[in-house]
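Everything below concerns the one structure shown next.
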Amino acid sequence: MEKIDSIGGAVKAIEMGYPQKAIAEEAYRLAREEENGQRIVVGVNMFQTEEEEKRRLVIHRADEQAVKRQIQRTKEVKDSRDGGAVKMALEALCQAAEKQENLMPYFIKAVKTYATIGDITGALKKVFGEYREPLNI
């Protein structure tokens, strides 16, 4: 915390990429300690049973048919909604965001017009831009 204060506060530190860099450096240090045996992690790098050694990480894959159904449902909603009402709700959201108003009522109105999360996010990106994490390697 002293380091962050000396930089000028949390916002300044984030803008400079300090927390991200510190986390990455610490993660790297810990991983190296695990790899070379300086840090013992039971069941990971020491005291593994044969079953644990054979176990592999199973990655969940979305059911292709479920994905296709959801895409179709979203398309149907977009095709049947009142495009003018969606556009007006998103414009009101942008105006409120520019004025730094409470956005919750505008989110609710946009959702009630069947604006998607992508629609809402796209509108907010027009006002606030998109955060790009500083690259500190």
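Listed here are the helices (runs of 4 or more DSSP H) enclosed by the stretch 1-97 that have at least 3 residues being out of contact with any strand residue (DSSP E or B) (no Cβ under 9 Å at 6 or more places or on another chain), exposed (fewer than 10 other Cβ atoms within 10 Å of the Cβ) and not small (Gly, Ala, Ser): 50-54, 64-80. Tell me, please, whether a residue that is free of Cβ contacts under 8 Å to residues at least 40 places away in the same chain and either closer than 18 Å to residue 122 by Cα or among the aromatic types (Phe, Trp, Tyr) (or both) can be found in the stretch 48-58. The answer is no, given that none of the residues of the stretch 48-58 is free of Cβ contacts under 8 Å to residues at least 40 places away in the same chain and either closer than 18 Å to residue 122 by Cα or among the aromatic types (Phe, Trp, Tyr) (or both). Among the candidates 114, 131, 106, single out the residue that is at pLDDT below 95 and of a type in the set (Ser, Thr, Tyr). Answer to the check: 131.
The values are calculated or read from the model by the stated rules, or taken from the named source; none is laboratory data. Computed from a prediction, not measured in an experiment: that's the story for all the values here. Cβ coordinates were reconstructed from backbone atoms using ideal geometry, including for glycine residues, and neighbour counts include every protein chain displayed.
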